[in-house]
Amino acid sequence: GEDVEQSLFLSVREGDSSVINCTYTDSSSTYLYWYKQEPGAGLQLLTYIFSNMDMKQDQRLTVLLNKKDKHLSLRIADTQTGDSAIYFCAETPGGADGLTFGKGTHLIIQP
Amino acid sequence: DTEVTQTPKHLVMGMTNKKSLKCEQHMGHRAMYWYKQKAKKPPELMFVYSYEKLSINESVPSRFSPECPNSSLLNLHLHALQPEDSALYLCASSPPGSAEAFFGQGTRLTVV
């Protein structure tokens with residue numbers, strides 16, 4: 001199967017920017033996604049980017065896509081304690097139904 | 001209504017029990033999914049229903065049996081599960097022509 005790679009942990013100070021990185025493997029994915037999961041909860045779709053775009057900004061969130069390197073990143077500006085969660089990137093390999101998720105990055109906020 | 005609702009939120013069952021997980025959405029989405037998520041792992045796709053027809057079955061054991069009675073409902077019937085099947089079971093749905101998936105809060109299943 002395809003592997004979507006992410007670092008397991010990221011620690012940032014409150015107020016700083018967080019950058020979460022992801023490397024995916026299927027260049028035919030039409031969309032790439034970022035999901036947030038808080039403890040004991042389901043997944044919340046944060047944002048997504050169409051594969052022919054380089055960047056998408058949505059309030060505090062900025063997604064960058066480097067299709068040549070199959071690298072996706074999520075920048076969270078002015079990180080707050082409420083941003084503490086696990087962040088999953090996801091793709092739709094082969095454009096098929098259903099998502100393949102990365103292993104998730106646990107974002108830890110230091111006061 | 002912009003939610004995917006899953007019931008029950010928690011379920012404890014024995015290995016000889018039969019139980020069902022339920023998922024409901026009223027957003028007009030025509031694709032519905034079951035995912036399994038073990039602790040500290042990403043969700044893994046189990047089944048996809050598209051227009052109430054099973055389109056993807058990711059080699060899931062037959063002790064898991066999905067059912068899509070109509071476009072708003074998705075069930076997962078459980079029978080003779082093993083302790084290693086304990087996990088968070090997530091339902092999701094997508095609008096027609098879109099791959100955005102909206103997730104429910106999940107059912108936390110414990111098999112004893």
Reachable lysines, given that their alpha-carbon falls under 19 Å from the alpha-carbon of A:LYS103 and they are not under 8 places away in the same chain: A:LYS36, A:LYS70, B:LYS36, B:LYS38, B:LYS40, B:LYS41
Signed unit charges on C-beta, dipole axis of the protein assembly as shown, positive-most listed residue B:TYR35, A:SER28, A:THR100: B:TYR35
Accessible solvent surface per residue of chain A, calculated while the other protein chains remain in place, 1.4 angstrom probe, Å²: 48
Net lengthening on full extension, B:GLU52/B:ASN17 (0.36 nm per residue, minus Cα-Cα): 9.9 nm
Cβ crowding within 10 Å averaged over residues, with B:17-23, A:67-73, A:103-109 ranked highest first: A:103-109, B:17-23, A:67-73
Convex hull of Cα atoms in chain B, direction-averaged projection (nm²): 6.5
Charge context of B:LYS22, other residues only, Cβ under 15 angstrom, K/R +1, D/E -1: +1
Separation between Cα centres of the stretch B:37-79 and the stretch A:60-106, rounded to whole Å: 24
Per-pair calculated FRET efficiency, R0 = 45 Å: A:ALA77 and B:SER65 via Cβ, rounded to 0.05: 0.50
Value of relative contact order over chain A, rounded to a whole percent, pairs C-alpha under 8 Å and six or more apart: 38
Threshold 10 Å² - residues in the stretch A:43-61 whose accessible area is reduced by that much or more when the chain is no longer isolated, probe 1.4 Å: A:LEU43, A:LEU45, A:TYR48
No Cys partner within the rule (Cβ under 4.7 Å), the protein assembly as shown: B:CYS68
Antiparallel DSSP beta bridges within chain B, percent to nearest 5: 90
Cβ neighbours within 10 Å from other chains - mean over B:39-48: 5
Two-decimal log10 I(q)/I(0) for the protein assembly as shown, as the Debye equation yields it once each C-alpha is a single scatterer, q = 0.08, 0.17, 0.18 Å⁻¹: -0.29, -1.22, -1.32
Per principal axis, descending, Cα span of the stretch A:23-84 in whole Å: 34, 24, 15
Relative contact order for the stretch B:1-94, counting Cα pairs under 8 Å that sit 6 or more residues apart, in percent: 36
Environment charge of B:SER71, counting only residues whose C-beta is closer than 9 Å and scoring Lys/Arg +1, Asp/Glu -1: 0
Shape call, chain A: gyration tensor on alpha carbons, a/c limit 1.5: prolate
Under 12 Å, Cβ to Cβ, from B:ALA31 - net charge with Lys/Arg +1 and Asp/Glu -1: -1
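For the protein assembly as shown, which whole percent of the accessible surface, found with a 1.4 angstrom probe, sits on carbon and sulfur atoms?
Working: 5390 of 10960 Å².
Summing carbon and sulfur atoms, their accessible area is 49 percent of the total for the protein assembly as shown.
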Interface area, A with B, accessible, probe 1.4 Å, both sides summed, Å² nearest 100: 1400
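The values are calculated or read from the model by the stated rules, or taken from the named source; none is laboratory data. Note that the coordinates shown come from a computational prediction; the quantities given were computed from them, not determined experimentally. Because the Cβ atoms are built from the backbone with ideal geometry, glycine has one as well, and the counts that use them run over all protein chains shown. The protein model used for the area step is the full one, side chains on, heavy atoms only, and it has no ligands, DNA or RNA in it. Shrake-Rupley method; radii C 1.70, N 1.55, O 1.52, S 1.80 Å.
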